[in-house]
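Read the figures in this text as sums done on the coordinates, not as results from a lab. The structure displayed is predicted, hence computed values, not measured ones. As a convention, Cβ positions derive from the backbone with ideal geometry for all residues, glycine included, and neighbour counts pool all protein chains shown.
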Amino acid sequence: MQHIVVVGGGFAGVATAHELDRSSKRHGIRVTLINRQNYMLFTPMLPEVASGSLDMRDIAQPLRAGLHAGQFELGDAIGIDQTARTISLRHPLTHECKAVEYDELVLALGSTSSTLGIPGVEKFTLALDTIADAIQIRNRVLGALEVAAKTEDLIERDRLLRFVVVGGGFTGVEAAGELRGFLGSVLKYYSEIEPSAVELVLVESGHELLAHLPSKFGKSAAASLSRRGVRINLGDSVAAADGHGLELKNGTRFESRTIVWSAGVEPAPLVKNLGLETNEHGAVKVNGDFSVRGAQHLWAVGDCAAVPRPKGGTYAPLAQNATREGPLLARNILASLKGRATRNFRYKELGQMASLGDRQAVAELPGGRMLSGKPAWILWRAYYLSRLPGWNRKARVAMDWSLEMVFSRGVGRLPLIEESATSFEESHALSG
Ligand SMILES: Cc1cc2nc3c(=O)[nH]c(=O)nc-3n(C[C@H](O)[C@H](O)[C@H](O)COP(=O)(O)OP(=O)(O)OC[C@H]3O[C@@H](n4cnc5c(N)ncnc54)[C@H](O)[C@@H]3O)c2cc1C
């Protein structure tokens, strides 16, 4: 029985594994899905967890629940031996290592925020890639308000009350919009803070927001955010960040204790160490059918892969592309196992949407038409609700959204509980 291993349980990996799982009996294959968390993260709603509109459990879909004949393996992939056809895993809780044999291996490792090599960014800014990041951002904002409410140091107070988001792409624009909504909702609990003393700045190095869309979208997003008091700083990039703020290349300085970094993405770190051919962004070069160039029995999909478009260029690192790529990759693997021809990926994006917080959004409709404001926000919510995996999760999110319309958001800072590896090692030793 051929063993197909998919490493990475995000949009692309799950779509691939589910399609393989469905046909595993018919094709006589075994499927294993590996991920470093036991859930799939629905990233488009991460800014809403950071702003307290959604509960973190709403956007985490358990991976074990989606597989029927297939197996799930909790593990951090640390290396691949292409000759022996094994992938090395380290268990994130026990730290035990093991090698898993494969006949075909799919890399669906996704991407992470890139610091772009700018000094101080890694140490002094907050990324928005994981649930822990979202909670940390929410905690940092609430912590800054708590301290600002009590401090008599006016310089420090100004720093605490300035919030900076770097990056005018989807993630940055959504993070700024959600943060604005969050501040608007919680400031009433801080009678010591004059709302006009709070500043939210969105920094983008280019000359418009959402630069990958026609410029009317960026203009509409900028107008909506500015109307709600977001200061938009275009046309200069960050030179460095430090514990007190950040500095732009033109010398402008923003004093701030809270800087959210979403200025770019790069493929997951493991990709760099595999010795595969990559493009200028570090993504694995694949053929149109997702087979990795210059390798055998290896496929790559989603954000970590540079999937060629038929007319040149590559598909953008987007959830909607990753979700569409997975099923075709699964069929291509099955075809190649049977010695049949594979097919190249072809997909025309349906359009894109960015939520701007406070019931505002901007959406690109098929044909390049634009929808903005509340209708776009309703479309954004309806679309992402429909894309959420499982009725359970859809119901939870719909419930949270309904409650949020009636009640204001909480101001409790949530503890970030670190898992104790030692206790897992100890309990493992005792039981085994
Ligand atoms: C805040 C935010 C908002 C976004 N909003 C949108 C949006 O509105 N619309 C849109 O289309 N796209 C959006 N995106 C982009 C979208 O999330 C990605 O394009 C999509 O997740 C890519 O899917 P993927 O399967 O390639 O990677 P991912 O979904 O990132 O999945 C990769 C998986 O691999 C795991 N992994 C990585 N390395 C290892 C390893 N060594 N061992 C084991 N497991 C590993 C990761 O933990 C993860 O579970 C957003 C992204 C972010 C961060």
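Hey, which of these cross-link pairs are over 23 Å Cα-Cα: LYS150/LYS249; LYS219/LYS374; LYS374/LYS394; LYS25/LYS338?
Details: LYS150/LYS249 34 Å; LYS219/LYS374 16 Å; LYS374/LYS394 21 Å; LYS25/LYS338 15 Å.
The answer is LYS150/LYS249.
Under 8 Å for C-alpha pairs, at least 6 residues apart: give me the relative contact order for the stretch 46-199, rounded to a whole percent.
This gives 23 percent for the stretch 46-199.
Quick check: from the Cα gyration tensor, does the chain come out rounded (a/c under 1.5), prolate or oblate?
Values: a/c = 1.79, a/b = 1.55, b/c = 1.16.
Note, shape of the chain comes out prolate.
Which order do peptides 384-396, 251-263, 167-179 fall in by mean Cβ count within 10 Å, highest first?
On the way: 384-396: 14.7, 251-263: 20.7, 167-179: 26.5.
Descending mean neighbour count gives 167-179, 251-263, 384-396.
Tabulate in residue order the Karplus-calculated ³J(HN,Hα) for the stretch 170-181, using 6.51 cos²θ - 1.76 cosθ + 1.60 with θ = phi - 60°, rounded to whole Hz; enter x for Gly and Pro.
3, 5, x, 5, 5, 5, 5, x, 5, 5, 4, x
Using modelled amide H (1.01 Å from N, peptide plane; none on Pro or chain starts), what sits under 5 Å from the amide H of VAL165, excluding residues fewer than 5 places away?
The list, which skips near neighbours in sequence, is VAL201, LEU202, VAL203, VAL260.
On a full-extension model of 0.36 nm per residue, what is the gain between ASN38 and VAL406, subtracting their alpha-carbon distance, rounded to one decimal in nm? Write out the running numbers ahead of the final one.
On the way: separation 368, 0.36 × 368 = 132.48 nm, distance 3.30 nm.
Gain on extension, ASN38 to VAL406, equals 129.2 nm.
Modelling each spin label as a point 7 Å along the Cα-to-Cβ direction, I'd like the ALA239/ALA197 distance in nm, to one decimal.
Between ALA239 and ALA197, the label points sit 3.0 nm apart.
Dipole of the chain, Cα-centred, from +1 at each Lys and Arg C-beta and -1 at each Asp and Glu C-beta, to the nearest 20 debye? Please report the intermediate quantities before stating the final value.
Details: 49 positive and 46 negative charges, 374 e Å.
I would put it at about 1800 debye.
Tell me the net charge near ARG253. Cut-off is 13 Å between Cβ atoms, ARG253 excluded, with +1 for each Lys or Arg and -1 for each Asp or Glu. Provide the component values of the computation, followed by the final result.
Details: positive: ARG159, ARG162, LYS249; negative: ASP158, ASP236, ASP242, GLU247, GLU255.
Computed value for this residue: -2.
Would you mind computing, in nm to one decimal, how far apart the modelled labels at HIS3 and HIS95 are, each placed 7 Å from Cα along Cα→Cβ?
2.6 nm
If the cut-off is a Cα-Cα distance under 21 Å, which lysines reach LYS285, setting aside same-chain residues fewer than 8 apart in sequence?
Within the straight-line cut-off, LYS285 pairs with LYS272, LYS311, LYS348.
Could you give the angle, 0 to 90 degrees to the nearest 10, between helix 391-406's Cα long axis and the longest principal axis of the Cα atoms of the chain?
Once rounded, the angle reads 0 degrees.
By a straight-distance test (C-alpha under 19 Å), which aspartates and glutamates pair with LYS188 as possible cross-link partners, with residues fewer than eight away in the same chain excluded?
Counting by Cα, and skipping residues close in sequence, LYS188 has these aspartates and glutamates nearby: GLU146, ASP158, GLU178, GLU199, ASP358, GLU404.
For PRO375, what is the net charge nearby, where nearby means another residue's Cβ is under 14 Å from its Cβ and Lys, Arg count +1, Asp, Glu -1?
Numbers: positive: ARG359, ARG369, LYS374, ARG381; negative: GLU364.
Charge balance in the 14 Å sphere: +3.
How do ILE378, ILE333, ILE131 rank when sorted from fewest to most other Cβ atoms within 10 Å of their own Cβ?
Fewest to most other Cβ atoms nearby, the residues stand as ILE378, ILE131, ILE333.
Separation between the HIS68 and THR151 pseudo-spin-labels, each 7 Å from Cα along Cα→Cβ, expressed in nm?
5.8 nm
Calculate for the chain the 222 nm mean residue ellipticity that helices alone would give, adding -39,500 (n - 2.57) per DSSP H run of length 4 or more and normalising by residue count, nearest 500 deg cm²/dmol. Before the final figure, lay out each step's value.
Working: 13 runs with 147 residues, N = 432.
Value at 222 nm, helices only, nearest 500: -10500 deg cm²/dmol.
Apply the Karplus curve 6.51 cos²θ - 1.76 cosθ + 1.60, θ = phi - 60°, to the phi angles in the stretch 29-41 and return the couplings in whole Hz, x for Gly and Pro.
Those phi angles translate into 10, 10, 10, 10, 10, 10, 8, 7, 10, 8, 9, 9, 8 Hz.
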